[in-house]
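The values are calculated or read from the model by the stated rules, or taken from the named source; none is laboratory data. Here the structure is a predicted model, which means the values were calculated and not measured. All Cβ positions, glycine included, derive from the backbone under ideal geometry; neighbour counts span all protein chains shown.
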Amino acid sequence: MKNSVLIFLLFVLIYSTHQGHAEIKNKKALMNVFQGCVNEELPDVSAGAQFNYCGCFIKEVSQGMDFEELMTLGIDVMSAGENKQKQEKILISNQKIKKYIVKCASKLYE
């Protein structure tokens, strides 16, 4: 999941043309993020449940964060280089990202 979040943030930065509310309209960018998310290995989670999780997460981020927040988070994640654990810690330290993960992951077990 952490790789898909990084990919998502990079696509938002690349494809966003305004600095207002983060709303991704580019279907290609969203599909790339979605595919990255569903390709992550999530043990004990069915494919259908993982598709639901990824859709939920992308929706929450795209509607709940503004461009400046995404840019800041993207730069922070990029500063971690290839260190996946450090990237994950940076993402989880963001209260909104943590909220979205919890919200969407909790739906997996309802």
Residues within the stretch 56-78 that are within 16 Å of Val102 (Cβ to Cβ) and crowded, with 16+ Cβ neighbours inside 10 Å, tallied: 6
Subset of the stretch 60-100 that is hydroxyl-bearing (Ser, Thr, Tyr) and within 19 Å of Phe34 (Cα to Cα) - its residue that is modelled with the highest pLDDT: Tyr100
Close pairs from the stretch 54-66: first among the hydroxyl-bearing types (Ser, Thr, Tyr), partner at pLDDT below 85, Cβ under 9 Å, at least 6 apart: Ser62/Phe8; Ser62/Val12; Ser62/Ala22; Ser62/Glu23; Ser62/Ile24; Ser62/Leu30
All positions within the stretch 79-110 that are surrounded by 13 or more Cβ atoms within 10 Å (Cβ to Cβ) and outside any helix (DSSP H, G or I): Ala80, Asn94
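Residue-by-condition table, conditions (1) in a loop (DSSP other than H, G, I, E, B); (2) modelled with pLDDT of 65 or more:
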residue	(1), (2)
Val12	no, no
Gln19	yes, no
Glu41	yes, yes
Val45	yes, yes
Tyr53	no, yes
Phe57	no, yes
Residue list for the stretch 67-94, filter: free of Cβ contacts under 8 Å to residues at least 24 places away in the same chain and of a type in the set (Gly, Ala, Ser): Ser79, Ala80, Gly81, Ser93
